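For reference, the structure discussed in these notes is given below.
The values are calculated or read from the model by the stated rules, or taken from the named source; none is laboratory data. Not measured: the values here are computed from a predicted model. Here the Cβ is made from the backbone with ideal geometry for all residues, glycine too, and neighbour counts use every protein chain on show.
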Amino acid sequence: MLNVAIKAARAAGVIINRAALDVESVRVSQKMANDFVTEVDQASENIIIDTLLTAYPDHGILAEESGQTRGNPQSEHIWIIDPLDGTVNFTRGLPNFCTSVGAADVLTGEWLVGAVVAPILDLTYYAKRGQGSFVIRNGQHIRLTGPPADRATKIIATGFSYQADERVAQFENITRMMPDFVDLRRMGAAALDLCAVAEGAIDVYYERGIKEYDWAAGALIAEEAGLTVQRPAFVGDLCHARLA
Ligand code: IPD
């Protein structure tokens, strides 16, 4: 499953990279204030789902844009897809965006594989349950081990919801946490924030209310790097309540 996850995420990365060359001409529509969906999100999602269902026609799909309209909702395997995490960065020509593909066994509640591909940065993060997590950087597969526990100066990363009241609540939480950190990063793609912690560049990532497609792959990558991950409630419209 891991190879298929990476293949799907990379195929989407090719589409996104091509579109990033001429971002001004990408059609963008607004879901809510500051929350955009581009035609690139949709093309990226289609190629990811096509790749996954070609390999596993009976599996279930939960995707950011199309929900559970494709795949088999009764399957014991579910793929959770964010076709373009960091959409705002993408629309503004900032390079921190990625595709995120994770899979879980809904009967056991176990997360199985995760792949996060940042196409402009040319980084592929991946993890398989029980087998560690890795980044492919300059063609080398480097094992991820998280931040050093004894680092004296810690940095926290966070993100902010598209909903104003959530944003304010998040800001207040972060303000309370700041005495424990020397600095804060808001990089704009939750999946890459989780990978940055797995890589040890960031010490902690905290965000309220992110959706499962934002964290599905990155949470496993962080966990397999040895980190403790507290996943938010699974908010998708699924009968598979075991996944959390
Ligand atoms: C968003 C990004 C952002 C996070 C938001 C997410 P999107 O995802 O991951 O960093 O703070 O909560 O919704 O909309 O770019 O896929």
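Of all residues in the stretch 156-165, those being farther than 15 Å from Leu192 by Cα and more than 9 Å from the ligand (Cβ to nearest atom) number 3.
Every residue, every condition in (1) more than 26 Å from Asp105 (Cβ to Cβ); (2) at pLDDT 90 or above, yes or no:
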position	(1), (2)
Arg186	yes, yes
Ala198	no, yes
Tyr206	yes, yes
Ala217	no, yes
Leu220	no, yes
Leu227	no, yes
Gly236	no, no
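Pairs meeting the criteria (first residue in the stretch 159-179 and more than 17 Å from Ile202 (Cβ to Cβ) and part of a loop (DSSP other than H, G, I, E, B), second residue of a type in the set (Val, Ile, Thr) and within 13 Å of the ligand (Cβ to nearest atom), beta carbons under 9 Å, at least 6 apart or on different chains) are Ser161/Ile210. For the stretch 96-138, a residue qualifies if it is assigned to a loop (DSSP other than H, G, I, E, B), at pLDDT 95 or above, out of contact with any Ser or Thr (no Cβ under 9 Å at 6 or more places or on another chain) and not hydrophobic (A, V, I, L, M, F, W, C), and the qualifying residues are Asn96, Asp122, Arg129, Gly130, Gln131.
Within the stretch 74-95, the set of residues being free of Cβ contacts under 8 Å to residues at least 60 places away in the same chain and among the hydroxyl-bearing types (Ser, Thr, Tyr) comprises Ser75, Thr87. For the stretch 61-83, indicate whether the set of residues that are touching a Leu at 6+ places or on another chain (Cβ under 7 Å), of a type in the set (S, T, N, Q) and within 14 Å of Lys7 (Cα to Cα) is non-empty. No: zero hits. Summed over the stretch 1-46, residues that are modelled with pLDDT under 85, in contact with an Asp or Glu (Cβ under 8 Å, 6 or more places away or on another chain) and part of a helix (DSSP H, G or I) total 0.
Annotation: Phe90 fulfils all but one of (1) away from the ligand (no atom under 16 Å from the Cβ); (2) among the aromatic types (Phe, Trp, Tyr); (3) modelled with pLDDT under 95; the unmet one is (1). Does the stretch 50-69 contain at least one residue that is surrounded by fewer than 20 Cβ atoms within 10 Å (Cβ to Cβ), of a type in the set (A, V, I, L, M, F, W, C) and within 16 Å of the ligand (Cβ to nearest atom)? No; the residues of the stretch 50-69 include none that is surrounded by fewer than 20 Cβ atoms within 10 Å (Cβ to Cβ), of a type in the set (A, V, I, L, M, F, W, C) and within 16 Å of the ligand (Cβ to nearest atom). If you go through the stretch 150-167 and keep only what is within 23 Å of Lys211 (Cα to Cα) and either in contact with a helix residue (DSSP H, G or I) (Cβ under 7 Å, 6 or more places away or on another chain) or surrounded by fewer than 12 Cβ atoms within 10 Å (Cβ to Cβ) (or both), you end up with Ile156, Ala157, Thr158, Gly159, Phe160, Ser161, Ala164, Asp165. All conditions in (1) of a type outside the set (S, T, N, Q); (2) under 13 Å from Ala222 (Cα atoms); (3) crowded, with 20+ Cβ neighbours inside 10 Å hold for Gly130, with the sole exception of (3).
Screening Pro57 against (1) over 17 Å from the mean Cα position of the chain (by Cα); (2) at pLDDT below 95 leaves a single unmet condition, (2). Residue count for the stretch 202-225 under the criterion of being under 11 Å from Ala127 (Cβ atoms) and surrounded by fewer than 21 Cβ atoms within 10 Å (Cβ to Cβ): the result is 1. Considering the conditions (1) under 20 Å from the mean Cα position of the chain (by Cα); (2) surrounded by 14 or more Cβ atoms within 10 Å (Cβ to Cβ); (3) within 16 Å of the ligand (Cβ to nearest atom), Pro147 is excluded by exactly one of them, (3).
Only one entry of Arg167, Arg129 meets the criterion of being basic (Lys, Arg) and in contact with a strand residue (DSSP E or B) (Cβ under 9 Å, 6 or more places away or on another chain), and that entry is Arg129.
If Trp111 satisfies every condition in (1) surrounded by 18 or more Cβ atoms within 10 Å (Cβ to Cβ); (2) closer than 15 Å to Ala12 by Cβ but one, which is the exception? Among (1) surrounded by 18 or more Cβ atoms within 10 Å (Cβ to Cβ); (2) closer than 15 Å to Ala12 by Cβ, Trp111 violates only (2).
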